[in-house]
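Engineer: Please find one structure pasted underneath; my questions will follow.
The values are calculated or read from the model by the stated rules, or taken from the named source; none is laboratory data. These numbers come from a predicted model, not from an experiment. Neighbour counts are summed over all protein chains in view; Cβ atoms, including those assigned to glycine, are modelled from backbone coordinates with ideal geometry. Heads up: the accessible areas ignore ligands, DNA and RNA and are worked out on the full protein's heavy atoms, side chains in. Shrake-Rupley method; radii C 1.70, N 1.55, O 1.52, S 1.80 Å.
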Amino acid sequence: MAEALRVGIAGLGTVGASVARVLSDKAAELTRQCGREIVVTAVSARDPKRDRGVDLGSAEWFDDAVKMAEKADIDVFVELIGGDEGPALASVKAALGAGRHVVTANKALLAKHGVQLAEIAEKKGVLLNYEAAVAGGIPVIKTMREAMAGNSVTRVFGILNGTCNYILTRMEAEGISFDACLKDAQRLGYAEADPTFDIEGHDTAHKLSILTSLAFGTKIAANDIYMEGISNISQADIRAAGDLGYRIKLLGVAQRTDSGIEQRVHPTMVPTASVIAQVHGVTNAVAIETDILGELLLSGPGAGGNATASAVIGDIADIAKSRPGFQHGPVFGRPAKELKPYKKAQMRSHAGGYFIRLTVYDRIGVFAAIAKRMADNDISLESIVQHASGPETDAQKTVILVTHETTEAAVRKAVDGITKDGHLTDKPQVIRIERAG
Ligand SMILES: NC(=O)c1ccc[n+]([C@@H]2O[C@H](COP(=O)([O-])OP(=O)(O)OC[C@H]3O[C@@H](n4cnc5c(N)ncnc54)[C@H](OP(=O)(O)O)[C@@H]3O)[C@@H](O)[C@H]2O)c1
């Protein structure tokens, strides 16, 4: 049998401790599958005394993850510290520089430094595997990098943040407010004490930036993502969406258009009958649309110790199975040096259907004025109805418009015009509609 693969784990928190536990519990099975043993020979975390709930055996302890990356007796460095700078970046760079394979679950790190790290890995002839960084346990990276050769991706979109999907699912099922749902999610451990990163879309954006690079062969451009979170989604939106045959999801969408690539994260209306609309609670899903395959949807657990460990261990097993001298495939599907610059499509040119909810003064001429603003901007309406979803009183009513395909620029101009006309009692709500199978 080949020599054991020696693994060093940096970070023994939720994911790191699960990885160590599963590697130990499933050692015999993994040896059978990989044709060699996988042994944890080094570990690093901040607190050497903390009980990790796992027997780390004779693994050597390192206070300093960078030192472990450089000096430990390991073939693979597994980074599970987190953060886009500091010890995570320094240790991954050190490990790649020392010619060691790296496995990481760190989307923030890859969103910021992925291309640079891929260049180092490819120069050194080692693997940089990151299945767990996007959609946790769902094998989407492997699917896009390996199983879809020859396909040209036209669009990739998904539910990439379990916290947001949990909140939206409960708001719809129980009719409770965003704030009440968020508090409950925090109490149950589905949302952080500071939830901004999740609910405002940053976490989804990090993951989307990685998928975009894989889908279109472009450099990662996380700063070029249009982003809106879910904190202004109300019960009025959810009720109106349901009545119109839609469900609201926070989607990350990357799409090739004539003017470049769109990368956007925002609350989105998807048809209630579509497959992605059936993805509830903390579950994640990624849809990949290609010229050959059509639309593929993968769904499953997007976070949590065991689910994430499953992806990390899959990456380690791939390294265990690779043979010395074997030329490894490029990190982002194409050699890092050949990734094209990202050409951003302006959000104003986004084309699609729109849901517009207006709270208006109940007076004669309002409907006509709204319809005129739409017509002036060449927006064709699928429907315009007075709807009992909003805060109805004798003095104010809710008007819901659904447009046929139009542009973001036209919708913004029309809504600005309606606002200036002075008919609105409250801020207008605009939610994009996404085509989904
Ligand atoms: N949790 C999930 O469900 C999930 C899902 C997908 C991806 N991820 C990604 O996985 C990574 C780890 O997440 P997590 O939830 O496991 O985080 P976590 O529970 O906060 O664990 C972080 C670990 O890093 C250790 N650490 C901190 N600074 C260190 C340093 N300077 N040197 C060595 N170790 C250090 C901590 O040590 P102490 O324990 O001693 O404090 C802790 O063990 C992140 O990149 C995250 O984005 C997580």
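Engineer: Considering (1) open to solvent by 20 Å² or more (accessible area, probe 1.4 Å); (2) farther than 30 Å from residue 178 by Cβ, say which one residue 107 fails and leave the rest.
Structural biologist: Only one criterion in (1) open to solvent by 20 Å² or more (accessible area, probe 1.4 Å); (2) farther than 30 Å from residue 178 by Cβ is unmet by residue 107, namely (2).
Engineer: On the basis of being among the small types (Gly, Ala, Ser), open to solvent by 20 Å² or more (accessible area, probe 1.4 Å), within 16 Å of the ligand (Cβ to nearest atom) and at positive phi, does residue 314 make the cut? Before you say what the answer is, go through the steps one by one.
Structural biologist: Numbers: among the small types (Gly, Ala, Ser): yes; open to solvent by 20 Å² or more (accessible area, probe 1.4 Å): yes; within 16 Å of the ligand (Cβ to nearest atom): yes; at positive phi: no.
So residue 314 fails the test.
Engineer: Considering only residues that are within 12 Å of the ligand (Cβ to nearest atom) and more than 16 Å from residue 16 (Cα to Cα), look in region 75-85 and name the one that is least open to solvent (accessible area, probe 1.4 Å).
Structural biologist: Our first condition is that a residue be within 12 Å of the ligand (Cβ to nearest atom); within region 75-85, this holds for 77-85.
With the extra rule that they be more than 16 Å from residue 16 (Cα to Cα), the set shrinks to 84-85.
Values: 84: 52, 85: 77 Å².
Restricting to residues being within 12 Å of the ligand (Cβ to nearest atom) and more than 16 Å from residue 16 (Cα to Cα), the top hit is 84.
Engineer: Another question, if that's okay. Please pick out the residue among 254, 236 that is surrounded by fewer than 23 Cβ atoms within 10 Å (Cβ to Cβ), on the phi < 0 side of the Ramachandran plot and small (Gly, Ala, Ser). Talk me through it step by step, then tell me what you get.
Structural biologist: Numbers: 254 fails: surrounded by fewer than 23 Cβ atoms within 10 Å (Cβ to Cβ).
After applying the criteria, what remains is 236.
Engineer: Another question, then. Take the residues in region 331-362 that are part of a helix (DSSP H, G or I) and open to solvent by 30 Å² or more (accessible area, probe 1.4 Å); name whichever of them is nearest to residue 415 (Cα to Cα). Let's see the steps before the verdict.
Structural biologist: At the first step, the residues of region 331-362 found to be part of a helix (DSSP H, G or I) are 336-338, 347-349.
Filter once more, so that each one left must be open to solvent by 30 Å² or more (accessible area, probe 1.4 Å): 337-338, 348-349.
Details: 337: 44, 338: 42, 348: 14, 349: 16 Å.
Selected residue: 348.
Engineer: Which of the helices (runs of 4 or more DSSP H) contained wholly in region 1-74 include at least 1 residues that are buried (at least 16 other Cβ atoms within 10 Å of the Cβ) and within 13 Å of the ligand (Cβ to nearest atom)? Break it down into steps so the answer makes sense when it comes.
Structural biologist: On the way: elements: 14-25, 27-34, 65-71.
So the answer is 14-25, 65-71.
Engineer: Here's a follow-up. Based on what the data block shows, is residue 272 open to solvent by 40 Å² or more (accessible area, probe 1.4 Å), of a type in the set (Val, Ile, Thr), in contact (Cβ under 8 Å) with a residue 12 or more places away in the chain and over 23 Å from residue 191 (Cβ atoms)? Break it down into steps so the answer makes sense when it comes.
Structural biologist: Working: open to solvent by 40 Å² or more (accessible area, probe 1.4 Å): yes; of a type in the set (Val, Ile, Thr): yes; in contact (Cβ under 8 Å) with a residue 12 or more places away in the chain: yes; over 23 Å from residue 191 (Cβ atoms): yes.
Judged against the criteria, residue 272 is a match.
Engineer: Let me ask you something else. In region 382-397, how many residues are within 33 Å of the chain's Cα centre (by Cα) and either polar (S, T, N, Q) or open to solvent by 70 Å² or more (accessible area, probe 1.4 Å) (or both)?
Structural biologist: Residues flagged as within 33 Å of the chain's Cα centre (by Cα) and either polar (S, T, N, Q) or open to solvent by 70 Å² or more (accessible area, probe 1.4 Å) (or both) within region 382-397 amount to 3.
Engineer: Could you run through region 216-234 and say how many residues are over 17 Å from the mean Cα position of the chain (by Cα) and either over 18 Å from residue 332 (Cα atoms) or at pLDDT below 95 (or both)?
Structural biologist: 4
Engineer: I need the full set of residues from region 101-123 which are in contact with a Gly (Cβ under 8 Å, 6 or more places away or on another chain) and of a type outside the set (A, V, I, L, M), in order please.
Structural biologist: 106
Engineer: Could you please find all residues in region 190-233 being β-branched (Val, Ile, Thr) and surrounded by fewer than 18 Cβ atoms within 10 Å (Cβ to Cβ)? Even if it seems obvious, please write down each step before you answer.
Structural biologist: Initially, region 190-233 is screened for residues β-branched (Val, Ile, Thr), giving 196, 199, 204, 210, 212, 218, 220, 225, 230, 233.
Correct list: 196 only.
Engineer: Hey, does region 153-162 have a residue that's more than 19 Å from residue 197 (Cα to Cα) and modelled with pLDDT under 95?
Structural biologist: No.
Engineer: Restricted to region 363-381, and to residues that are open to solvent by 80 Å² or more (accessible area, probe 1.4 Å) and either touching an Asp or Glu at 6+ places or on another chain (Cβ under 7 Å) or part of a helix (DSSP H, G or I) (or both), which residue is farthest from residue 236 (Cα to Cα)? Outline the logic, then answer.
Structural biologist: Just the residues of region 363-381 that are open to solvent by 80 Å² or more (accessible area, probe 1.4 Å), to begin with: 363-364, 367, 372, 376, 378.
Subsequent filtering for residues that are either touching an Asp or Glu at 6+ places or on another chain (Cβ under 7 Å) or part of a helix (DSSP H, G or I) (or both) retains 367, 372, 376.
Working: 367: 19, 372: 25, 376: 27 Å.
The qualifying residue farthest from residue 236 (Cα to Cα) is 376.
Engineer: Out of all the residues in region 239-251, which are out of contact with any Phe, Trp or Tyr (no Cβ under 8 Å at 6 or more places or on another chain) and surrounded by 21 or more Cβ atoms within 10 Å (Cβ to Cβ)? Step through it out loud before you land on a result.
Structural biologist: Narrowing region 239-251 to residues out of contact with any Phe, Trp or Tyr (no Cβ under 8 Å at 6 or more places or on another chain): 239, 242-243, 245, 247-250.
247, 248, 249, 250 - these are the residues of region 239-251 that are out of contact with any Phe, Trp or Tyr (no Cβ under 8 Å at 6 or more places or on another chain) and surrounded by 21 or more Cβ atoms within 10 Å (Cβ to Cβ).
Engineer: In region 275-286, is there at least one residue being more than 30 Å from residue 29 (Cα to Cα), open to solvent by 10 Å² or more (accessible area, probe 1.4 Å) and within 16 Å of the ligand (Cβ to nearest atom)?
Structural biologist: So far as region 275-286 goes, yes, one or more of its residues are more than 30 Å from residue 29 (Cα to Cα), open to solvent by 10 Å² or more (accessible area, probe 1.4 Å) and within 16 Å of the ligand (Cβ to nearest atom).
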